[in-house]
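First up is the structure itself, then whatever we jot down about it.
The values are calculated or read from the model by the stated rules, or taken from the named source; none is laboratory data. All values derive from a computational prediction rather than experimental measurement. Note that each Cβ is placed from the backbone with ideal geometry, even for glycine, and that neighbours are counted across all protein chains shown. Note: areas computed on protein heavy atoms with side chains; ligands, DNA, RNA excluded. Shrake-Rupley method; radii C 1.70, N 1.55, O 1.52, S 1.80 Å.
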Amino acid sequence: MKFTDGYWLMRPGVTTRYAAEVADVRADEHRMTLYAPVKHVSSRGGMLNSALLTVECWSPAEDVIGVRVTHHAGSGRREPEFALPGAQPDVGKVHRDGAVVELSAGELSLRVDTSQPWLLEFTAGGRMLTSVGERGTGFATDDTGRHFMLGQLSLGVGELVYGLGERFTPFIKNGQVVDIWQADGGTSSEQAYKNIPFHLTNRGYGVFVNHPGKVSYEVGSESVGQVQFSVEDQSLEFFVVHGPTPKRILERYTALTGRPALPPAWALGLWLTTSFTTDYDEATVNRFVGGMAERGIPLSVFHLDCFWMREYQWCDFEWHPDTFPDPAGMLARLKQQGLRISAWINPYIAQKSAMFEEGMREGHLVRRPDGSVWQWDLWQPGMALVDFTNPAARDWYTGKLRTLLDMGVDCFKTDFGERIPTDVAWHDGSDPERMHNYYTHLYNEAVFELLREVRGEGEALLFARSATAGGQQYPVHWGGDCESHFNAMAESLRGGLSLGLSGFGFWSHDIGGFEGTPTPTVFKRWVQFGLLSSHSRLHGSKSYRVPWDYGEEAVDVTREFTLLKHRLAPYLQRAAQQAHGTGVPVMRAMVLEFPDDPAAATLDRQYMLGDDLLVAPVFTDDGTVEYYVPEGPWTNVLTGARITGPRWVREQHGFHTLPLLARPDSVIPLAADDQHPVSAWADGVELRVHAFADGAERTVVIPSSDGPGEVARFHLRRRGDRLHVTTDSPRPWQLRFGGPAGTVHTQPAGTMEAGLAYPA
């Protein structure tokens, strides 16, 4: 939100007050509180008829410093608040040297010179990260009586801002106005389903605004050298998170707000859905499943979208008796074919359903301040909203889902949760403005924790559309409603990369696009992109996404890339374990892997899939693709072609290839079984060695498919013209040099050490 009119003036009706200096400091060993008048006080009379800001500073974790600025404290802290599971007491250390007071946590320090005008300086390793100066701490009021707290952090020359959730606007946030406010806005507007008040920059730090309600950002868009954030409240709390690398920033941020759970490995395979408003019944489901099998396309998950329930009755969790007369039998028959089952749900209760009357009677639905049930017609006629702040309502809702799990459903697509009203009274007294964004967190948490309870640790999985800070703990998330063309495909990728830089480890999207029907060209290119994402789902709105609807070549492309993803499963599972353990996403913006390469800073049409694979999706009808290759000799995994960077490349690809490059000195483990996402990965595993330089060493972990552990480990080192491999695996394994046609060495079971000639 903008308060100024240019540099000199305020907007009509707006009054601002900013911290001017430090009048007093209270400090103990671990915390300090600054008292900041909003004008220079030269005499005792100057302290009258004016405001005094209370600025509390502490550290909840190493290399993280929190700042809370309060104008009037009488309103107290309002619910809900973000949980900070990683917060620790008494981490910071306060030092005083004359007029200078400093709070340190690890390498990060906050320095204040109380003899000077207001200035907070955040430094690490003797280097200035950012600062809060004149107009950087204060509040604003307008002529309607609203009160806003605001903060500003300086931006250096060339400093770029990333994150703030899954945003489909330009990848670099500089110059943008961003409101952290959940909305069902599709993928082609400034609105977002997943709004996260966290950003990071290419200068070694991130900032988390700890406010679950609306946070309004001006990212160099009001004062061009500042990131400003404001809330309509009497206090504002934020945390500065030091890296220095982007990966370390994400590690520390997710350690504070929660790490992603590890999804089950079976979810890495291909998902197929009935699509949204299409006609379908059990015969349609069987035709889709059988059609995939007949065409040699392995399917892992089948998803039933809205109309598994009766129209006008979403969500009552009752199967449509006309189209699914024997749901338990159908699910059993699908599971006999090796499929997992996903079912669509949302947190809205239509008036026509019996659940509406039950929920209203038992007090499980959100009410207006006058006690009446809140309703509208914007989605389902007369729909109401489950009040997840009420433990009884939560149990009531999840109890309905428990019946579906007992029937054979494995996971849920938790759709919606964004259009949450603010003219309501919540059961626990939560502030309605704060609950607008936070509602989705309670919704996804309730469903995820039920799955964890019923299915067990490591088996819980959502396909969620909306989220806020901390929602990364309940994966997987998908990108929402996009159109079916190349622009929408690129929008979706921007959103996913932005979400990954906001602490979310797993992300998917609707292959082929949601709205409309893709051309065969768009479908085939989206299939390549989708099957080189962390999770892969074919889904549409008014048209099906079975590949044979888009031609025989689309069938071939879908088969080839599904089999490729199955072979990549051990590599992808290891990347998933990293996301679970560190918060670093599976799909990574190039700046995350190459923070010291200036050319990588702005790239948003390519990404790294795990540590070692570069993916550049094709967004053109003629197959032309432009992408950037970082330093060193990279190898196309599909063709074996060698490309040495740093350089920009323009290529043309048919539908069976795209730029999928292996990093120099990388070793990619490929499963022997290409028919299933989960197999005995270490049995016959192929180690694909790419441009291994003399002196290079690499350890390759073959992960467990049922948790964060491992089943085998290989250590490779090159010395001159010899490659030495040692392993703890008693199973047979293969080694291949370079691309798919490279030299192969097959090692029998029990080969714990091998010395191989490295190709000239």
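Can you name every residue in region 423-462 that is open to solvent by 20 Å² or more (accessible area, probe 1.4 Å), under 19 Å from Trp376 (Cα atoms) and assigned to a helix (DSSP H, G or I)? Scanning region 423-462 gives Pro432, Glu433. One residue stands out in region 13-56 among those that are crowded, with 16+ Cβ neighbours inside 10 Å and among the charged types (D, E, K, R): the one that is farthest from the chain's Cα centre (by Cα), namely Glu21. Condition test on Ala488, is it crowded, with 23+ Cβ neighbours inside 10 Å and touching a Lys or Arg at 6+ places or on another chain (Cβ under 6 Å)? Spelling it out, it is not the case that Ala488 is crowded, with 23+ Cβ neighbours inside 10 Å and touching a Lys or Arg at 6+ places or on another chain (Cβ under 6 Å). Scanning region 702-715 for any residue that is farther than 27 Å from Val678 by Cβ, at pLDDT below 95 and either open to solvent by less than 20 Å² (accessible area, probe 1.4 Å) or not in a strand (DSSP E or B) (or both) turns up nothing. Residue-level analysis places Gly225 outside the set of residues that are in contact with a strand residue (DSSP E or B) (Cβ under 9 Å, 6 or more places away or on another chain), within 20 Å of Ile65 (Cβ to Cβ), of a type outside the set (S, T, N, Q) and in contact (Cβ under 8 Å) with a residue 12 or more places away in the chain.
For region 639-657, the candidate set comprises residues that are of a type outside the set (Gly, Ala, Ser) and over 13 Å from Ala616 (Cα atoms); within that set, the residue that is least open to solvent (accessible area, probe 1.4 Å) is Ile643.
The single condition among (1) in contact with a His (Cβ under 7 Å, 6 or more places away or on another chain); (2) open to solvent by 20 Å² or more (accessible area, probe 1.4 Å); (3) within 29 Å of Gly106 (Cβ to Cβ) that Thr141 does not satisfy is (3).
Could you run through region 565-600 and say how many residues are charged (D, E, K, R) and under 20 Å from the mean Cα position of the chain (by Cα)? First the steps, then the outcome.
So in region 565-600, the residues charged (D, E, K, R) come out as 565, 567, 574, 588, 593, 596-597.
Then keep just the ones that are under 20 Å from the mean Cα position of the chain (by Cα); that gives 574, 588, 593.
Qualifying residue count for the region: 3.
Please verify whether Thr743 is open to solvent by 20 Å² or more (accessible area, probe 1.4 Å), β-branched (Val, Ile, Thr) and out of contact with any Phe, Trp or Tyr (no Cβ under 6 Å at 6 or more places or on another chain), treating the condition exactly as stated. Against the criterion (open to solvent by 20 Å² or more (accessible area, probe 1.4 Å), β-branched (Val, Ile, Thr) and out of contact with any Phe, Trp or Tyr (no Cβ under 6 Å at 6 or more places or on another chain)), Thr743 does not qualify. Residues in region 114-132 that are part of a loop (DSSP other than H, G, I, E, B) and open to solvent by 20 Å² or more (accessible area, probe 1.4 Å): Thr114, Ser115, Gln116, Pro117, Leu119, Gly125, Gly126.
Within region 211-228, is there a residue that is modelled with pLDDT of 95 or more and acidic (Asp, Glu)? Yes, there is a match, as at least one residue in region 211-228 is modelled with pLDDT of 95 or more and acidic (Asp, Glu).
Rundown of residues vs (1) in contact with a helix residue (DSSP H, G or I) (Cβ under 6 Å, 6 or more places away or on another chain); (2) closer than 19 Å to Asn210 by Cβ; (3) modelled with pLDDT under 95; (4) not in a loop (DSSP other than H, G, I, E, B), yes/no style:
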position: Arg68; (1), (2), (3), (4): no, yes, no, yes
position: Glu81; (1), (2), (3), (4): no, yes, no, no
position: Gly86; (1), (2), (3), (4): yes, yes, no, no
position: Ser104; (1), (2), (3), (4): no, no, no, yes
position: Ser109; (1), (2), (3), (4): no, no, no, yes
position: Val112; (1), (2), (3), (4): no, no, no, yes
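Just one of the listed residues (Arg248, Arg259) is of a type in the set (D, E, K, R) and in contact with a His (Cβ under 7 Å, 6 or more places away or on another chain), and it is Arg259.
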